[in-house]
Every structure is written in C-alpha cells, then in structure tokens.
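What follows is one structure encoded as structure tokens, with my remarks underneath.
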Amino acid sequence: MPHPAKPLIVALVSTVTFAFGAAPASAAPEVVDFSRPAAAAVAVQSLEPEVASTSAASLDALTKMSDLANIPHGYDVEAAIALAESEIGTSRPTGWDAPGECISSVHRWVTAGGANWTGSGNPVDNYRGATRLSIADAQPGDIVQYENIEFPTSWVSGVHTVLITERHDDGTFTIIESNNPAGSGLVSKNTKWTPEPPAGFQAVVWRF
C-alpha cells in the first residue's frame, strides 16, 4: 500500500538537489571593485600574470648594477661636454619635457655627441640601452640620476639629473646641470661636486 508522504519526500529531495547542482540563469556575475587597489591588483594579476612578471623582470634588469666599469662610451663625450659648456649661464623654460629641465638638458648635450638615448617615460626607462653603474665607477660623459629608492620609476620631488665632465683625485667631480635651483632653467657648473641625494634617494650612474 503506497505511503501518502512518499510523493512529498521525493519532491523535496528533488528541489534541494537542483538548488545545489545548478545556478539559476538570473544569478548575478561576480563584480570586482576596481576602486579598491587591492581588488584591482588581484584582478590584474590573475588575468595577466605573464605581463606582470615580464614588467617586474624588466625593471629588475634595468635596476641591476653592472660590473662593466670599464665599458667605453658609445658616443662623442667631448662633443657633448662642449655643448654643455657653451650653455653655461643661459636659461630655458621649465615644465614637463621643457628644454630647461635637468634631464632634457642632459639629453640634449649627450645626443649632440651621438648617444643612442631613445628611452623615455620615467627615471629608469629613460636609460634603456645604457649601462647602470655605481658612483665609484663614474667617468666624464656619464649621467648621474637621483632615483627614489622605494619608487624608482616615479617622477617624485627630489629626482635630478647631471652630466659629469671631470673626475678629480679627491673623489669630487665637475658637473654641468640645468634647473638648479628648481624652476630657474639655468645651466650651471660645479667644480667640486659630490652626490648629495635627498633622503630616500640614491645616485645612479648611467653610461651610453
């Protein structure tokens, strides 16, 4: 004799099984809130792990000091220094990518000597193709870049660029720089210069 509760039990089991085994068509997709940095970082990392890895590897390569201290310059250093010397005492406009900015001026002088300086974007990517050295290895024709240690690819206050024109036995250098003091666009010469990067910065030498 059939039990009157059996159809009810079968129907209840079927309903529970469907609920756990299939998602309803109207279920909302998972939303990542990109206004939250942590969520955005996780999303980007999970979607593009190869890109993130490649960028990190590229930065590591560019920020690694080379042991090739005696590698020759690949451009006419004397021509670059001659142009820089000729501009001492002159002033140019400053601002983003303006000719009076420190890095714009050093770029102008070095490329006048034929340096293959084609990098751009930030204080590290600017020097793609150059050799990264320590200040102990610096020679005339080298570029000194003040670089933020924690954020090396950021244009933060304290970033500065100079061209070394002489190295002295007492450990000092002669340098030519532009836009010191900031906003002046003035090209000047310092015959007893030693690196004095701001707190949180380091002096990096680049050789084209």
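Summing +1 for each Lys or Arg and -1 for each Asp or Glu, what net charge is found among the other residues whose Cβ lies under 13 Å from the Cβ of Thr131? Mind showing how you got there, number by number?
Details: positive: Lys64, Arg128, Arg132, Arg207; negative: Asp67, Asp137, Asp142.
It works out to a net charge of +1.
Regarding the stretch 113-208, what whole-number volume in Å³ per residue does the convex hull of its Cα atoms give?
With only Cα atoms used, the stretch 113-208 gives 105 Å³ per residue.
Output the peptides 80-92, 141-153 sorted from most to least packed, where packing is the average of other Cβ atoms within 10 Å over each peptide's residues.
141-153, 80-92
Given the Cα-Cα distance of Val156 and Asp169 and 0.36 nm per residue of separation, how much length would full extension add, in nm?
Contour length minus the Cα-Cα distance gives 1.4 nm.
Taking the stretch 60-162, which trypsin sites (Lys or Arg not before Pro) meet the DSSP loop condition and have no more than 14 other C-beta atoms within 10 Å? Working shown, then result.
Numbers: sites: Lys64, Arg108, Arg128, Arg132; in loops: Lys64, Arg128.
The qualifying sites are Lys64.
Dividing the alpha-carbon radius of gyration of the stretch 95-155 by 2.2 N^0.38 Å (N being the number of residues), what value is obtained?
Taking N as the residue count of the stretch 95-155, the ratio is 1.12.
Spin-label point model (7 Å from Cα, Cβ direction): what's the Ser134 to Glu85 distance in nm?
So the label points at Ser134 and Glu85 sit 3.1 nm apart.
Could you go through the stretch 120-130 in sequence order and give the Karplus-derived ³J(HN,Hα) for each residue, using 6.51 cos²θ - 1.76 cosθ + 1.60 with θ = phi - 60°, rounded to whole Hz, and x for Gly and Pro?
Result, rounded to whole Hz: 6, x, 7, x, 9, 4, 4, 9, 4, x, 9.
Values in this text are rule-based calculations from the coordinates and carry no lab data. Since the structure is predicted, the reported quantities are computational estimates derived from the model, not experimental observations. Because the Cβ atoms are built from the backbone with ideal geometry, glycine has one as well, and the counts that use them run over all protein chains shown.
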